[in-house]
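Enquirer: I'd like to ask you about the structure that follows.
The values are calculated or read from the model by the stated rules, or taken from the named source; none is laboratory data. In this text, all values refer to a predicted model and were calculated from it rather than measured experimentally. So basically every Cβ, Gly included, is an ideal-geometry build from the backbone, and we count neighbours across all protein chains shown.
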Amino acid sequence: MESQKKHPRTFSFEFFPPKTPEGKEKLRATWKQLGQLKPKFFSCTFGAGGSTREGTLETVLEIRAAGYEAAPHLSCIASSRAELRLQIEKYRSHGIRHLVALRGDLPSGLASSGELRYANELVAFIRETTGDWFHIEVACYPEYHPQTRSAADEIRNFKRKVDAGANSAITQYFYNADAYYRFVDECEAAGISMPIVPGIMPIGNFAQLARFSDACGAEIPRWLRIKLESYRDDAASIRSCGLDVVTRLCDDLLSAGAPGLHFYTLNQAGLTSTIWQRLGL
């Protein structure tokens, strides 16, 4: 963890672009509430194949207009180089200096994966197109990407993004801090020393969390899964247990030297705000 202790702490909150007027109002209230916590930046996800791209930019521009830093996500899957160049230049024309660069998931019904197949290729393309204009975040996976063939492959794939020009990384969420510590140790052994910020998923709905985790490969520890399942439809107990578990996780990570936290808010402020207050940040 020595590589991480030298970096200043950064805290950030992630949203997804809403699709309805009601969703936009809810998200506006959420980022205004979380903005009082003075995060380093907000980020907003990006749908492949054009599904939410304009919503991403609209959300980012609204947040920036209120005086906060906001980073749009950019995924390369199902896009041509020309489409990506247009999107990157659009972000730059609005004065955006921070991006989260991802491969993304192929939308259902689309056969082509696009001209760039991997996130390291996207990072290299952004650097070729705009030089050092953007601070580029990338993703990494302490519990390994679902499609990873081996532990060594995971580190090699991450290092390709670093070598292509990434500035810092945000992890997939996890509930086992040891997975993060081990991953950082492996990164250090591979010569990777840039900030690796833990991604944090508050727990408010177990069925939803189980779906997400099954899809992305994030492990819910057996003891936690059984405990949450035992509450059945008792939402208050699930939230209470989740707050205890995630707050302790965050506290452990920060105490060990993690360079901040990135919260997957699911466009809700309540759980994240409570965790923040409990941590005394």
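Enquirer: All but one of (1) assigned to a helix (DSSP H, G or I); (2) touching a residue at least 60 places away in the same chain (Cβ under 8 Å) hold for Phe13; state the number of the condition that does not hold.
Expert: Here Phe13 meets the rest and fails (1).
Enquirer: Which one is farthest from Pro17 (Cα to Cα), of the residues in the stretch 233-281 that are of a type in the set (Ser, Thr, Tyr) and in contact (Cβ under 8 Å) with a residue 12 or more places away in the chain?
Expert: Thr247
Residues checked against (1) under 25 Å from Trp133 (Cβ atoms); (2) touching a Ser or Thr at 6+ places or on another chain (Cβ under 9 Å):
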site	(1), (2)
Lys159	yes, no
Ala166	yes, no
Tyr180	no, yes
Val184	no, yes
Gly191	no, no
Ala215	no, no
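Here's the yes/no breakdown for (1) small (Gly, Ala, Ser); (2) more than 15 Å from Thr265 (Cα to Cα); (3) surrounded by 14 or more Cβ atoms within 10 Å (Cβ to Cβ):
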site: Thr20; (1), (2), (3): no, yes, no
site: Arg28; (1), (2), (3): no, no, yes
site: Pro39; (1), (2), (3): no, no, yes
site: Glu62; (1), (2), (3): no, yes, yes
site: Tyr68; (1), (2), (3): no, yes, yes
site: Ala78; (1), (2), (3): yes, yes, yes
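Enquirer: Contact list please: Cβ distance under 9 Å, first residue in the stretch 147-164 and under 12 Å from Ala119 (Cβ atoms), second residue aromatic (Phe, Trp, Tyr), pairs at least six apart or on different chains.
Expert: Once the first residue is under 12 Å from Ala119 (Cβ atoms) and sits in the stretch 147-164, its partners that are aromatic (Phe, Trp, Tyr) give Asn157/Tyr118; Asn157/Tyr141; Phe158/Tyr141; Phe158/Phe183; Arg160/Tyr118; Lys161/Tyr118; Ala164/Phe125.
Enquirer: Could you run through the stretch 174-185 and say how many residues are part of a helix (DSSP H, G or I) and surrounded by 16 or more Cβ atoms within 10 Å (Cβ to Cβ)?
Expert: 6
Enquirer: Do any helices (runs of 4 or more DSSP H) entirely within the stretch 68-167 hold 3 or more residues that are at negative phi, modelled with pLDDT of 95 or more and of a type in the set (A, V, I, L, M, F, W, C), and if so, which?
Expert: The helices (runs of 4 or more DSSP H) meeting that bar are 119-130, 151-164.
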